[in-house]
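What follows is a single structure, and I will ask about it in a moment.
The values are calculated or read from the model by the stated rules, or taken from the named source; none is laboratory data. This structure is a prediction, so every number in the text was calculated from the model and none was measured. In this analysis, Cβ positions are derived from the backbone assuming ideal geometry, glycine residues included, and neighbour counts consider all displayed protein chains. Ligands, DNA and RNA are stripped out before the accessible areas are found, and what is left, the full protein with its side chains, is counted by its heavy atoms. Shrake-Rupley method; radii C 1.70, N 1.55, O 1.52, S 1.80 Å.
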Amino acid sequence: MYRFLLSRQWVILTLVALALIPTMIKLGFWQLHRHEHKVALNTVISDSLAAKPVPAETLTAPGQRIRHDDLYRRVTAKGQFDTAHEEVVRRRTNSDGEVGYHVLTPFVLTDGRVLMVNRGWVSSDGAQTAFPKVPAPERGEITVTGRLMADQTTADSGIKNIRGLPARQVMLIDSEQEARRLGKQVLGGYVEQTAPRPKGDTPELIPDPEHSDIGPHMAYAIQWWLFSAGVPVGWVVLVRRERRDRLEAAAAAETAPEEEAEPAGV
């Protein structure tokens, strides 16, 4: 009754079903891991933003990677801005979705080392080949407060670090690259400035990250697992339907000669 399963069509269908099951299970676990990562990151962000600010030098050093648990940690730094070596980071959006730049300014600490500070967002104001108009920060020695961030990479951001850009423009914030450019010791990572607020609210300070939403990843994981369970069920349903159709066809073929022969005997 089930010899039809050896046909080319059913062999292909069965192999596809067998391949789909582990693939869907794997996709479910991938979404589960994304859910767990989001939950863990939200916890880090919440804890970091709630903690009291600490000196940036206590959490980072030249050539050092920012620890995951220190991400978004509020830090302070004392020194002065070096606007002569200021850069802008291309293709950054503000809270309204407008595309512009982030202003990246070296902040020279009292010991001579440098901390890269993202002072906020400015509009591109036309062509992106020229350096935009950027309001100057406060002059002299000040104390900056902000969120400690890790160096940006292509793997994390999906943005390619393009070469040959216009002068004083970059795609990613990379402290090692900045150390080579400035010829100074640059602390690992960078800081998103939160205080002092700029005069005229330009550049626009980057708002605190959203950390209350965990996203739909758990729902997606459950969906993939339900799909994987549905594949064998669907396969069985199709097999039973095929078997029923073949039995009905065979029964019809057996009764057809008798029905045709009856009028001849009258």
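Do any GluC sites (Glu not before Pro) in the stretch 29-113 lie in a loop, going by DSSP, with at most 16 other beta-carbon atoms within 10 Å of their beta carbon, and if so which?
Answer by residue number: Glu98.
Follow-up question, since we're still on this one. Starting from the alpha-carbon convex hull of the stretch 1-58, give the projected area averaged over all orientations, in nm².
On the way: hull surface 27.3 nm².
Averaging across all directions leaves 6.8 nm² for the Cα convex hull.
Measure off 7 Å from each Cα along the Cα-to-Cβ vector at Asp96 and Ile162, then give the distance between these two points in nanometres to one decimal.
With each label point 7 Å from Cα toward Cβ, the separation is 2.5 nm.
Okay, moving on. Would you work out what percent of the accessible area of the chain, with all protein chains in place, is carbon or sulfur (probe 1.4 Å)?
56 percent
While we're looking at this one, here's another question. Dipole magnitude of the stretch 2-89 about its Cα centre, charges +1 at Lys/Arg Cβ and -1 at Asp/Glu Cβ only, in debye to the nearest 20?
For the stretch 2-89, the charge dipole is close to 660 debye.
Additional query: Based on Cα positions only, what radius of gyration and what Dmax would you give for the stretch 95-245, in angstroms?
Expressed in Å, the Cα Rg and Dmax of the stretch 95-245 come to 24.4, 87.
Further, regarding this structure: State the answer as a single residue: which of Gly215, Pro196, Leu109 lies farthest towards the positive end of the charge dipole of the chain, with beta carbon charges of +1 for Lys and Arg and -1 for Asp and Glu, about the Cα centre.
Leu109
For the chain, what are the DSSP H helices with axial Cα length of 24 Å or more and mean Kyte-Doolittle hydropathy of at least -1.0?
8-50, 217-261
Students often check this: by mean Cβ neighbours within 10 Å, which of 79-85, 2-8, 240-246 ranks highest, and how do the rest follow? The partial results should precede the final answer.
Numbers: 79-85: 15.7, 2-8: 10.1, 240-246: 12.1.
Top to bottom by mean Cβ count within 10 Å: 79-85, 240-246, 2-8.
Let me ask you something else. Starting from the amide H of Leu205, placed 1.01 Å from N in the peptide plane, find each other amide H under 5 Å away whose residue is 5 or more places distant or on another chain.
Trp121
While we're on this one: Which order do you get for Val117, Val231 if you rank them by accessible area with a 1.4 Å probe, largest at the top? Present the calculation step by step, with values, prior to reporting the outcome.
On the way: Val117 0, Val231 25 Å².
So the residues, ranked largest to smallest area, are Val231, Val117.
How about the stretch 143-216: which trypsin sites (Lys or Arg not before Pro) there lie in a loop by DSSP and see at most 15 other Cβ atoms within 10 Å?
Answer in residue order: Lys160, Arg163, Arg168.
Would you please give the residues with an amide H less than 5 Å from that of Val114, counting only those at least 5 places away or on a separate chain, with H modeled from the backbone geometry?
Amide H neighbours of Val114: Leu109, Gln185, Val186, Leu187.
Find the accessible area per residue for the chain; the probe is 1.4 Å, ligands and nucleic acids are left out, and the unit is Å².
Details: 16070 Å² over 266 residues.
That works out to 60 Å² for each residue.
Let me have the 222 nm mean residue ellipticity of the chain computed from DSSP H runs of 4+ only, each contributing -39500 (n - 2.57), with the sum over all residues rounded to the nearest 500.
That calculation yields -13500 deg cm²/dmol at 222 nm.
Further question: Kindly work out what percent of the DSSP beta bridges joining two residues of the chain are antiparallel, to the nearest 5.
Antiparallel: roughly 80 percent of the beta bridges in the chain.
With r as the distance between the Cβ atoms of Asp208 and Ala136 and R0 = 35 Å, compute the FRET efficiency 1/(1 + (r/R0)^6) and round to 0.05.
The calculated FRET efficiency here is 0.90.
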